[in-house]
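Everything below concerns the one structure shown next.
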Amino acid sequence: MTQKLKYNKEPYGDHEYLLEFIDHTFSGIKFILGKVQLLEQNDNCTLKYHYDIIENNTEMSIKHELKQSFEKYVGDLVVQMIDDGLLNNDLIYYGGKDENRTDNIKQPST
């Protein structure tokens, strides 16, 4: 299911943008996504991500059951963003190293 999303075009931090679901149970809650990781173990891959709620303009308190539901929607959003990035060939990766890389892609200067 595609999530409708509003984001501030100005960065909130170094590499973060303020996000908000639109036409959604959690509309009015502004949050940022932090580090996103894909953790591989055996034949399984787990998505791990960090988020911070910056502003809550609703009467909801994000605790217990609502927190689990909110985190599921944020996780679905992260997967959607990864899928869209791969589909459009504009996925940005930074802050880590490619452990599978076996050669140096830097060309020698002439």
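At 7 Å along the Cα-to-beta-carbon direction for both Lys6 and Asp52, put a label point, then send me their distance in nm to one decimal.
Each label point is offset 7 Å from its Cα along the Cβ direction, giving 2.2 nm.
Quick one: if the Förster radius is 30 Å, what FRET efficiency do Ile82 and Glu59 give, using the C-beta to C-beta distance and rounding to 0.05?
Working: r = 32 Å, r/R0 = 1.07.
Plugging the Cβ-Cβ distance into 1/(1 + (r/R0)^6) gives 0.40.
If the only charges are +1 at each Lys and Arg Cβ and -1 at each Asp and Glu Cβ, what is the size of the charge dipole of segment 5-87 around the Cα centre, to the nearest 20 debye? Could you put the intermediate results ahead of the total?
Details: 8 positive and 15 negative charges, 32 e Å.
Around 160 debye, computed over segment 5-87.
Can you pull out the GluC sites (Glu not before Pro) in segment 31-96 whose DSSP state is coil and whose Cβ has at most 16 other Cβ atoms within 10 Å? Before the final figure, lay out each step's value.
Working: sites: Glu40, Glu55, Glu59, Glu65, Glu71; in loops: Glu59.
Those that pass, being in a loop and sparsely packed, are Glu59.
What FRET efficiency do you get for Asn42 and Tyr73 if R0 is 30 Å and r is their Cβ-Cβ distance, rounded to the nearest 0.05? It would help to have the intermediate numbers written out before the result.
Details: r = 28 Å, r/R0 = 0.92.
Working from the Cβ atoms, E equals 0.60.
Where Rh denotes the Kirkwood radius from the mean inverse Cα pair distance, what is Rg over Rh for segment 5-87? Intermediate values should be presented prior to the final figure.
Values: Rg = 13.6 Å, Rh = 13.8 Å.
We get a ratio of 0.98 for segment 5-87.
Bear in mind these aren't lab numbers, they're just calculated from the coordinates by the rules spelled out. Just so it is clear, the model here is predicted, and its values are computed rather than measured. Quick reminder, even Gly has a Cβ in these numbers, built from the backbone with ideal geometry, and neighbours come from all protein chains shown.
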